[in-house]
Amino acid sequence: MLAPRKRPTARCHTAGAMKHRRARLRDARLYFVCDRRPGGRALADVLEAALRGGVDVFQLRDKDATDADALQAAREARELCARHGALLIVNDRPDLAVAADADGVHVGQEDLPVTQARAIAGPDRLVGLSTHGVDQADASAALDVDYIAVGPVHATPTKLGRPAIGVDPVRHAAATVMRPWFAIGGIDERTAGAVVAAGARRVVVVRAIAEAQDPERAARALRAALQAPVPARA
């Protein structure tokens with residue numbers, strides 16, 4: 001486990017800081033996930049452009065990185081996110097989130113249990129959870145998490161072996177989930193309209209930005225799709 005980074009006293013984490021993080025999470029719309037070499041490019045180049053385009057939350061997800069490489073990438077992302085007012089989340093590694101002074105950690109159903117993630121990350125960091133259907137979304141209401149992801153809406157190579165769940169769980173989340181939640185899975189500029197019509201106001205994307213020739217333009221297009229008026233139902 002990584003040792004925590006010594007925090008400057010000016011950035012001490014308090015109940016007020018957590019309240020501010022949760023407020024920023026509620027206002028977030030576009031959540032970007034990638035590893036430290038998105039599309040074979042430097043993380044800083046892609047992430048800086050994505051943040052300029054309107055990304056509100058960034059998650060560093062790199063299952064193959066060494067601790068040293070992951071920590072270096074997380075600290076680099078921390079500086080970029082801070083500059084643009086975005087939240088930094090680390091995938092599956094609450095110890096890394098603490099060491100890099102990230103805003104939170106995200107875990108999956110087969111990853112570290114939420115109780116352990118919270119115990120390590122502490123009360124002043126966000127904890128997010130992946131859900132893959134109505135039952136898991138409902139069960140998350142009893143867990144100490146700050147947000148959930150609902151998906152994958154469409155099949156995606158970033159989640160090999162995970163079947164698509166379609167938009168019905170998105171509609172269910174829109175009607176029942178009381179905390180911030182994000183639709184995820186194969187969402188891009190072309191498919192965002194369907195999840196918005198199903199009730200999603202926040203989305204997570206990976207390839208739509210990480211593999212885009214122009215990440216800034218891709219992020220702006222996604223934000224525009226999220227803000228488009230939803231046609232009234234007949």
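The values are calculated or read from the model by the stated rules, or taken from the named source; none is laboratory data. Just so we're clear, the structure is a prediction, and the values are computed from it rather than from any experiment. So basically every Cβ, Gly included, is an ideal-geometry build from the backbone, and we count neighbours across all protein chains shown. Calculation scope for accessible area: heavy atoms of the full protein, side chains included, ligands and nucleic acids excluded. Shrake-Rupley method; radii C 1.70, N 1.55, O 1.52, S 1.80 Å.
The C-alpha atoms of the chain define a longest principal axis, and helix 43-53 lies at about 50 degrees to it.
Please give the helix 15-27 orientation as an angle from the longest Cα principal axis of the chain, in degrees from 0 to 90, rounded to the nearest 10. Roughly 30 degrees between the two axes.
Rounded to whole numbers, the Karplus 3J(HN,Hα) couplings from phi for region 55-64 are 5, 9, 9, 10, 10, 8, 10, 9, 5, 9 Hz, using 6.51 cos²θ - 1.76 cosθ + 1.60 with θ = phi - 60°, and x at Gly and Pro.
May I ask you to derive the FRET efficiency for Ala42 and Arg201 from their Cβ-Cβ distance with R0 = 35 Å, giving the value to the nearest 0.05? So the FRET efficiency works out to roughly 0.65.
Full extension of the segment from Arg190 to Glu79, taken as 0.36 nm per residue of separation minus the current Cα-Cα distance, would add 36.8 nm.
Heavy-atom accessible surface of region 94-234, averaged per residue, reaches 44 Å², computed with a 1.4 Å probe.
Counting Cα-Cα pairs of region 74-117 in 5 Å increments starting at 0 gives whole-percent bin shares of 6, 26, 29, 19, 11, 7, 1. Once the cut-off is 34 Å, how many percent of the Cα-Cα pairs in the chain end up in the long-distance tail? Taking all Cα-Cα pairs of the chain, the fraction more than 34 Å apart is 9 percent. The calculated FRET efficiency for Ala142 paired with Lys63, based on their beta-carbon distance and R0 = 30 Å, is about 0.60. Tell me, how many Å apart are the Cα centres for region 172-186 and for region 70-92? So the two Cα centres are separated by 24 Å.
Please report, as a whole percent, how much of the solvent-accessible surface of the chain comes from carbon and sulfur atoms (probe radius 1.4 Å). For the chain, the apolar C and S fraction of the accessible surface comes to 52 percent.
Taking trypsin sites (Lys or Arg not before Pro) in DSSP loop states with no more than 13 other Cβ atoms inside 10 Å as exposed sites, the chain has its longest site-free stretch at 64-189. Using only DSSP helix segments of four residues or longer, with each worth -39500 (n - 2.57), what per-residue ellipticity at 222 nm results for the chain after dividing by its residue count and rounding to 500? Result for the chain, helices only: -11500 deg cm²/dmol.
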